[in-house]
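Everything below concerns the one structure shown next.
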2 protein chains.
Amino acid sequence: MDNLPGALGTSASLALRLGQTVFSSASLLFMCLDVDFYSYTSFCYLVTVMGLAIPWSLTLLVVDAHSVFIRCLPRQPRIILVIVLGDLVLSFLLLAAASSTASVTDLLHDAGRSYCAANLCSRYQLSAAMAFLCWSLSFASSLFNLWLLPSL
Amino acid sequence: MDNLPGALGTSASLALRLGQTVFSSASLLFMCLDVDFYSYTSFCYLVTVMGLAIPWSLTLLVVDAHSVFIRCLPRQPRIILVIVLGDLVLSFLLLAAASSTASVTDLLHDAGRSYCAANLCSRYQLSAAMAFLCWSLSFASSLFNLWLLPSL
């Protein structure tokens, strides 16, 4: 079980964490390029969730990179459990943020040009799409580590 | 493991399925009391997801009731796996529907009385709250059945 791909400390996990970091940063960037997001609750929620997701995935990215390139860290069941629960909670928050952003953007897009200039709306849509991608990677990480848990 | 509470065929599972059926029906009812939901994408999405959730939870409610009151049905790993996956997918759909409904309702509420009469908005909020409750019960069912799976 030691080389289960996707579990903590493997190169597949490193790739997953890298993807999470990139997608969550891109989502935050697309949302925050102007300060207009401040007027909508769900956009603020997305920014808050990304503020949680970026440090979480960066930390685990560093741990994975250390395991892969320098020296494999010992896996303790309690730490894996915390990582599984953290990923699971984060994936729920990300899904909720992504779907609420997508629905609000759709509503603003339908409401016409007064609410949402053409550039702005497509930027919000991109941000929601990045959040969906980040959700799927985060859920995959959680499942892989959950799979590893009973064998420890 | 045969009497793990919450797994398929126990009285706790019957209670969970009953809660899912009641909450999803209530959510659909609150949303569909008028035909105004038709103009918003996320409300239509909620109605679609509830149209999946109600038959799913009703079917499993009948199976659980049969197991509890008449005769315990044999548990096959493949069936449990299908139920776990179905509950998991359904819980993601429910969370996405609930959060998008909540965010759109919030936006309509802020936009003023022209978009959303006082009664209508509180009905949409109730519908979103019921969908959140249904999500939590559905996810709990999925976790309990997942816990049972390795022992079969």
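The values are calculated or read from the model by the stated rules, or taken from the named source; none is laboratory data. Since we're looking at a predicted model, the values are computed, not measured. Backbone-built Cβ (ideal geometry, glycine too); neighbour counts: all protein chains shown. The protein model used for the area step is the full one, side chains on, heavy atoms only, and it has no ligands, DNA or RNA in it. Shrake-Rupley method; radii C 1.70, N 1.55, O 1.52, S 1.80 Å.
Points to keep in mind about this one:
- Each part reduced to its alpha carbon centroid, segment B:87-104 and segment A:80-152 end up 12 Å apart.
- Estimated FRET transfer efficiency (A:Leu52, B:Ala111; beta-carbon r; R0 22 Å; 0.05): 0.15
- A label point on A:Leu126, set 7 Å along the Cα-to-Cβ line, lies at 4.3 nm from each of its counterparts in the other copies, closest listed first.
- Applying both filters, DSSP loop and at most 11 other Cβ atoms within 10 Å, to the trypsin sites (Lys or Arg not before Pro) of segment B:8-88 gives B:Arg71.
- The Cys residues in chain A with no partner Cys Cβ within less than 4.7 Å of their Cβ are A:Cys32, A:Cys44, A:Cys72, A:Cys134.
- Label zone at A:Val22, where the point sits 7 Å out along the Cα-to-Cβ direction: segment A:66-82 residues whose backbone N lies under 16 Å: none
- Nitroxide proxy distance, nm - points 7 Å out along Cα→Cβ at B:Thr41 and A:Leu85: 3.7
- Each copy carries A:Ala111; placing its label point 7 Å along the C-beta direction from Cα gives inter-copy distances of 0.5 nm, listed from smallest up.
- In sequence order, segment A:59-66 has phi-based couplings of 4, 6, 4, 5, 4, 5, 4, 4 Hz under the Karplus curve 6.51 cos²θ - 1.76 cosθ + 1.60, θ = phi - 60°, and Gly or Pro positions carry x.
- Accessible area of segment A:11-143 belonging to carbon and sulfur atoms, whole % at 1.4 Å probe: 73
- Teacher prompt: B:Leu81 distances to equivalent labels in other copies, 7 Å Cα→Cβ, nm: 2.7
- Leaving ligands and nucleic acids aside, the B/A contact buries around 1400 square angstrom of accessible area in total at a 1.4 Å probe radius.
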